[in-house]
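*Asks:* One structure, as structure tokens, below. Some questions next.
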Amino acid sequence: MNIDQIFKNNQDWVQEKLTLDPNYFKNLSEGQSPEVLYIGCSDSRVTAEELMGAKPGEAFIHRNIANLVSNLDLSAMSVINYAVSILKVKHVIICGHYGCGGIKAAMESKDLGILNPWLRNIRDVYRLHRAELNSITNEEEKYKRLVELNVQEQCVNVIKTSEVQIAYRERDITVHGWVLDIHSGKLIDLEIDFDHILKNIMEIYHLD
Ligand SMILES: [Zn+2]
């Protein structure tokens, strides 16, 4: 993909939008009120808007390696704060994907420099679910299961935030855990029991 082509594509996109609606960019410039916060992997194949069919203005997006939500990540925490407290999104989605390089790297013991502390978050997920993961003998199946469990634990990390706890008391908000099956392109809803997780962790993480 060359840079000149990107600018050409952009011009074509502007034309296409204006042909359909001459006020398209005027309306877009007036503000945003997305109902969805999507947190996914930076992987170039897992394109947030395209896989959901979301148009500009419909989804607030945060992506990083292996779709992690860390308390110490100022960027992710700011995104959650703004999306939940100010934009008042109704849905927070954590979307992982099979074939995730970040998850794969965390399953190996290679020293990856600056990536080590980041991938350690995934090793923590492994440790929490060690009994289940160690019982899976097929490596490919174990890898897929860690992708799913990582999504589940990142949902828990979202639920632990004060913004989501406050929003949950005041209005409708749901946290969803999804996986994109890179082999078929299909989205899988892990059907995480949001209410159950929230009640379960409240004993420890409850904030007044
Ligand atoms: Zn990935």
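The values are calculated or read from the model by the stated rules, or taken from the named source; none is laboratory data. Computed from a predicted structure; not experimentally measured. Heads up, the Cβs are rebuilt from the backbone with ideal geometry, glycines too, and the neighbour counts pull from every protein chain shown. Accessible surface areas use protein heavy atoms only, side chains included; no ligands, DNA or RNA. Shrake-Rupley method; radii C 1.70, N 1.55, O 1.52, S 1.80 Å.
*Asks:* Just one of the numbered conditions (1) open to solvent by less than 80 Å² (accessible area, probe 1.4 Å); (2) outside any helix (DSSP H, G or I) is not true of R145; which one?
*Replies:* (2)
*Asks:* Across region 96-141, which residue is nearest to Q154 (Cα to Cα) among those that are touching a Lys or Arg at 6+ places or on another chain (Cβ under 8 Å), hydrophobic (A, V, I, L, M, F, W, C) and modelled with pLDDT of 95 or more?
*Replies:* L133
*Asks:* Take the residues in region 26-36 that are without any contact (Cβ under 8 Å) to a residue 24 or more places away in the chain and either in contact with a Leu (Cβ under 6 Å, 6 or more places away or on another chain) or part of a loop (DSSP other than H, G, I, E, B) (or both); name whichever of them is farthest from the ligand (Cβ to nearest atom).
*Replies:* Per the criteria, the residue is E30.
*Asks:* Evaluate the following for L18: is it part of a strand (DSSP E or B) and open to solvent by less than 90 Å² (accessible area, probe 1.4 Å)?
*Replies:* For L18, the condition - part of a strand (DSSP E or B) and open to solvent by less than 90 Å² (accessible area, probe 1.4 Å) - is not met.
*Asks:* Could you count how many residues in region 18-48 are in contact with an Asp or Glu (Cβ under 8 Å, 6 or more places away or on another chain) and over 19 Å from V84 (Cβ atoms)?
*Replies:* So the answer is 1.
*Asks:* Here's another thing I want to ask about it. Considering only region 68-139, give the helices (runs of 4 or more DSSP H) lying wholly within it that have at least 2 residues that are within 16 Å of the ligand (Cβ to nearest atom).
*Replies:* Result: 101-107, 115-128.
*Asks:* Across region 42-62, what is the total count of residues that are outside any loop (DSSP other than H, G, I, E, B), open to solvent by 60 Å² or more (accessible area, probe 1.4 Å) and touching a residue at least 12 places away in the same chain (Cβ under 8 Å)?
*Replies:* 1
*Asks:* Scan region 42-67 for residues that are more than 15 Å from the ligand (Cβ to nearest atom) and out of contact with any helix residue (DSSP H, G or I) (no Cβ under 9 Å at 6 or more places or on another chain) and report the count.
*Replies:* 4
*Asks:* Only residues that are in contact with a helix residue (DSSP H, G or I) (Cβ under 6 Å, 6 or more places away or on another chain) and either open to solvent by 10 Å² or more (accessible area, probe 1.4 Å) or of a type in the set (K, R) (or both): list them for region 71-104, please.
*Replies:* Across region 71-104, the qualifying residues are N81, S85, Y98.
*Asks:* Quick one: is I39 within 16 Å of the ligand (Cβ to nearest atom), in contact (Cβ under 8 Å) with a residue 60 or more places away in the chain and among the β-branched types (V, I, T)?
*Replies:* Spelling it out, I39 is indeed within 16 Å of the ligand (Cβ to nearest atom), in contact (Cβ under 8 Å) with a residue 60 or more places away in the chain and among the β-branched types (V, I, T).
*Asks:* OK, next. When both residues are 6+ apart or on different chains and their Cβ atoms are under 7 Å apart, which pairs have a first residue that lies in region 105-122 and is more than 12 Å from I65 (Cα to Cα), and a second that is at pLDDT 90 or above?
*Replies:* From residues that are more than 12 Å from I65 (Cα to Cα), the pairs are M107/Y143; M107/L146; L112/A105; L112/L119.
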